[in-house]
Amino acid sequence: MKLKIYQNKNVAGFTLAEVLITLGIIGIISAMTIPTLIQNNRNRELAAGLQTAYSEIQQGLNLMSADKGNTVTPSDYNNRTIQGTFYKDYKNYFKKIYDCGTDNPDTTICMARASNTSDENNYNNDLTYKTYTGRTLYTNPFDDGQFVLANGMLILIENPQQIEGVRYPIFISVDINGKRKKPNKLGHDLFTFQLMDNGKLLPMGANGTKYPESEYCKKISTSNINGIGCTNKALTDKEYFKNLPK
């Protein structure tokens, strides 16, 4: 016995044109939303990386203080005739994969050491790094010793010093995703902390630090270290990474 197959002529299908239109709409929506999702994920990674960096930098200081038997302060390292004095002690409290040193570092993974003291030219500034708004960064405050951690973070040290009667404290900066991964900008993935006279580590831009947020974390500033004062805001403002300048 043969079976008869009946077709329901009332069931509607999709034409090729309708399918193509639908796929086109899906493609447009994806093109609009995927970059936003990628950016949001990147922002979360930067925020989490900064928190981790703050914790590791502080832990290194705690171990260093415990080993020395007293709270480490900038006054312990005021001798500018010995280059990298703080760096040479501090680096011993981290698991490193590369020690950049203080002279002629490997510039593929470390910041080039600045050789000029003038902010009027780019002589030996590391042009890979930029300010908060993408201008050439004056890299002198970051180059008294560097080392790369096992998680890829680049730690950069600035020794205490006194120039023309102005006293500069110890700065500890961190490129939270390393030099090889962009954007390499102050206030984006490069952040600075200050070791205060009492031994407390504060994010730059906090009250009492050398570079206040109001002057050194601005979208309209032309300062060649603009962004150095953004660290405190980046740690305390939940919307910070969503509003970074392009």
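The values are calculated or read from the model by the stated rules, or taken from the named source; none is laboratory data. Computed from a prediction, not measured in an experiment: that's the story for all the values here. Heads up, the Cβs are rebuilt from the backbone with ideal geometry, glycines too, and the neighbour counts pull from every protein chain shown. Heads up: the accessible areas ignore ligands, DNA and RNA and are worked out on the full protein's heavy atoms, side chains in. Shrake-Rupley method; radii C 1.70, N 1.55, O 1.52, S 1.80 Å.
Within the set of pairs 6+ apart or on separate chains, which have a first residue in the range 233-246 that is open to solvent by less than 90 Å² (accessible area, probe 1.4 Å), a second that is among the β-branched types (Val, Ile, Thr), and C-beta atoms under 7 Å apart?
Listed pairs, sorted by first residue: Pro245/Thr133.
List the pairs whose first member sits in the range 189-201 and is among the aliphatic types (A, V, I, L, M), whose second member is open to solvent by 10 Å² or more (accessible area, probe 1.4 Å) and in a strand (DSSP E or B), and whose Cβ atoms are under 6 Å apart, counting only residues at least 6 apart or on separate chains?
Close Cβ pairs satisfying both conditions: Met196/Leu202.
What are the pairs, 6+ residues apart or on separate chains, where a residue within the range 105-123 that is surrounded by 18 or more Cβ atoms within 10 Å (Cβ to Cβ) has its Cβ under 9 Å from a residue that is modelled with pLDDT under 55?
Ala114/Tyr123
I need the full set of residues from the range 210-235 which are within 10 Å of Thr131 (Cβ to Cβ) and in a helix (DSSP H, G or I), in order please.
Tyr216
Does the range 220-228 include one or more residues that are open to solvent by 30 Å² or more (accessible area, probe 1.4 Å), under 18 Å from Ser55 (Cβ atoms) and out of contact with any Gly (no Cβ under 7 Å at 6 or more places or on another chain)?
No, that holds for no residue.
Of Leu61, Leu37, which residue is in a helix (DSSP H, G or I) and either modelled with pLDDT of 75 or more or under 24 Å from Ile157 (Cβ atoms) (or both)?
When all the criteria are applied, what remains is Leu61.
Among the candidates Thr133, Thr102, Thr139, single out the residue that is at pLDDT 95 or above and hydroxyl-bearing (Ser, Thr, Tyr).
Only one candidate qualifies: Thr133.
Taking the condition of being open to solvent by 20 Å² or more (accessible area, probe 1.4 Å) and either out of contact with any Leu (no Cβ under 9 Å at 6 or more places or on another chain) or assigned to a helix (DSSP H, G or I) (or both), how many residues in the range 191-205 meet it?
Total meeting the criteria: 3.
Among the residues that make up the range 168-190, is at least one of them basic (Lys, Arg), part of a strand (DSSP E or B) and modelled with pLDDT under 95?
No - not one qualifying residue is present in the range 168-190.
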